[in-house]
Amino acid sequence: MKPSGESNTQELFVSGHRACHGCGMALSVRHILKATGKEVIVVTPTGCLETFTSPYGYSPWRVPWIHHVFENAPSIAAGIAAALKAQGRDYIRVLVIGGDGATFDIGFGALSGMLERGDDVLYICVDNGAYMNTGGQRSGASPMFSSTTTDPAGTRSLGKLEMKKDLPVIIAAHGVPYVATASAAYIKDLEKKVKKAMQYHGPRYIQIDTPCPTVWGFPPDRTLEVGRLGVQTGLVPLFEMENGNITSVHRIKNRVPVEEYLRAQKRYRHLFSSDRGRQAIEKIQAQADENIKRFGLLKHSGNKGQ
Ligand SMILES: Cc1ncc(C[n+]2csc(CCOP(=O)(O)OP(=O)(O)O)c2C)c(N)n1
Ligand code: SF4
Ligand SMILES: [Mg+2]
């Protein structure tokens with residue numbers, strides 16, 4: 001059977017699953033599959049996506065889907081890709097869609113191996129910045145000064161004190177052909193990047209910022225707004241790297257101070273009640289400024305943009 005070249009209007013991730021209202025991850029997965037078409041096998045490690053799509057007897061997945069343990073999605077995916085190749089069916093493409101805990105932390109060794117071996121897998125991290133399925137514990141992707149259940153903000157604590165791991169750059173350092181960042185709030189851009197990644201073979205990586213109303217603490221009808229604020233502040237830079245070079249950046253049209261993004265979410269509310277909190281906000285603003293400079297995110301800057 002040949003690839004069918006499906007229209008991207010086909011729904012392959014359907015309604016009726018059990019994600020929270022306004023879940024940025026569920027929205028992203030729906031559009032990832034619109035971009036890939038149905039000739040895919042999806043591998044999902046333990047996490048929200050696995051849990052809300054697999055109540056006994058029901059499934060929103062209209063493509064083959066496998067869940068396994070938390071730490072080995074890249075190994076499972078690599079094995080499936082190798083089997084498809086041996087069968088001469090490698091027109092079926094293999095995708096991992098997994099959370100940031102699985103990607104940045106517990107599955108990172110397996111992911112690095114997959115990248116280094118050159119396995120033909122598109123790995124997509126749906127990044128909500130913590131271990132949401134188990135209540136919002138800190139991960140290597142949690143942003144600095146966010147409150148998590150393992151770094152809770154309090155009279156002495158400002159939340160997580162370490163930087164978010166710069167995983168896209170670490171992945172690019174493995175010499176892979178395609179790395180991109182995307183946002184649930186910019187769906188056309190997300191679909192375009194997934195389609196581009198599907199044109200390459202070998203290991204590819206897309207990291208999607210997926211706002212989580214339940215644990216970030218905002219009303220579920222503000223998911224897109226919060227996601228856009230993340231991008232417009234510069235805290236969530238959207239870019240593509242092909243063969244190690246930055247080939248596009250999503251330019252910021254209306255730059256927003258980080259305070260506006262932070263105020264919209266309960267995970268940062270402790271920053272607004274003390275002088276130390278104010279200083280932390282200044283540090284977060286400095287991170288956004290640095291991203292804007294590093295990636296040339298403003299409309300008038302010289303880098304290749306779109
Ligand atoms: C080896 C192992 N450790 C811990 C767990 C418990 N656990 C299940 S899901 C999860 C959090 C997943 O976080 P992430 O990958 O970020 O996905 P999210 O739920 O945030 O989408 C944890 C800690 C587990 N299932 N297996
Ligand atoms: S906890 Fe967050 S990521 Fe998990 S299903 Fe709910 S909104 Fe989505
Ligand atoms: Mg997570």
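For segment 102-242, what % of the accessible area comes from carbon and sulfur atoms, probe 1.4 Å?
On segment 102-242, the fraction of accessible area on carbon and sulfur atoms equals 57 percent.
How far is helix 223-233 tilted, in degrees, relative to the longest principal axis of the Cα atoms in the chain, given as a value from 0 to 90 rounded to the nearest 10?
Roughly 70 degrees between the two axes.
Find me the longest stretch of the chain that has none of the exposed chymotrypsin sites (Phe, Trp or Tyr not before Pro), where exposed means in a DSSP loop (not H, G, I, E or B) with at most 12 other Cβ atoms within 10 Å.
My reading of the result: 92-306 is the longest stretch.
Taking 45 Å as R0, compute the FRET efficiency from the Cβ-Cβ separation of Asn254 and Ser59 and round it to 0.05. If you can, show how the numbers build up before the last one.
Values: r = 40 Å, r/R0 = 0.90.
Plugging the Cβ-Cβ distance into 1/(1 + (r/R0)^6) gives 0.65.
How much accessible area does Ile92 have with a 1.4 Å probe, in Å² rounded to the nearest 10?
For Ile92, solvent-accessible area is about 30 Å².
Report the charge-dipole magnitude of segment 59-139 in Debye, nearest 20, computed about the Cα centre from +1 at each Lys and Arg Cβ and -1 at each Asp and Glu Cβ.
That gives segment 59-139 a dipole magnitude of about 280 debye.
If you fit an axis through the alpha-carbon atoms of helix 108-117 and take the longest principal axis of the Cα set of the chain, what angle between them do you get, 0 to 90°, nearest 10?
Here the helix axis deviates by roughly 50 degrees.
How high is the relative contact order of segment 1-110, in percent, counting Cα pairs under 8 Å that sit 6 or more residues apart?
Over segment 1-110, the number comes to 31 percent.
Can you compute the equivalent ellipsoid semi-axes for segment 226-298, i.e. the square root of 5 times each eigenvalue of the Cα gyration tensor, sorted largest first and rounded to whole Å? Write down the numbers at each step before the final one.
Values: eigenvalues 136, 29, 19 Å².
Ellipsoid half-lengths, sorted descending, are 26, 12, 10 Å.
Got the relative contact order for segment 24-295 handy, in percent, Cα pairs under 8 Å and 6 or more residues apart?
Rounded, it is 17 percent for segment 24-295.
So, with +1 on the Cβ of K and R and -1 on the Cβ of D and E, and no other charges, what is the size of the charge dipole of the chain about its Cα centre, to the nearest 20 debye?
Computed charge dipole of the chain: roughly 600 debye.
Using a Förster distance of 30 angstrom, determine the FRET efficiency expected from the C-beta separation of Met144 and Glu225, and round it to 0.05.
0.85
The values are calculated or read from the model by the stated rules, or taken from the named source; none is laboratory data. Just so we're clear, the structure is a prediction, and the values are computed from it rather than from any experiment. Methodologically, a virtual Cβ is constructed for each residue, glycine included, from the backbone with ideal geometry; neighbour enumeration extends over all protein chains shown. Protein only, heavy atoms only, side chains kept; ligands, DNA and RNA dropped before computing areas. Shrake-Rupley method; radii C 1.70, N 1.55, O 1.52, S 1.80 Å.
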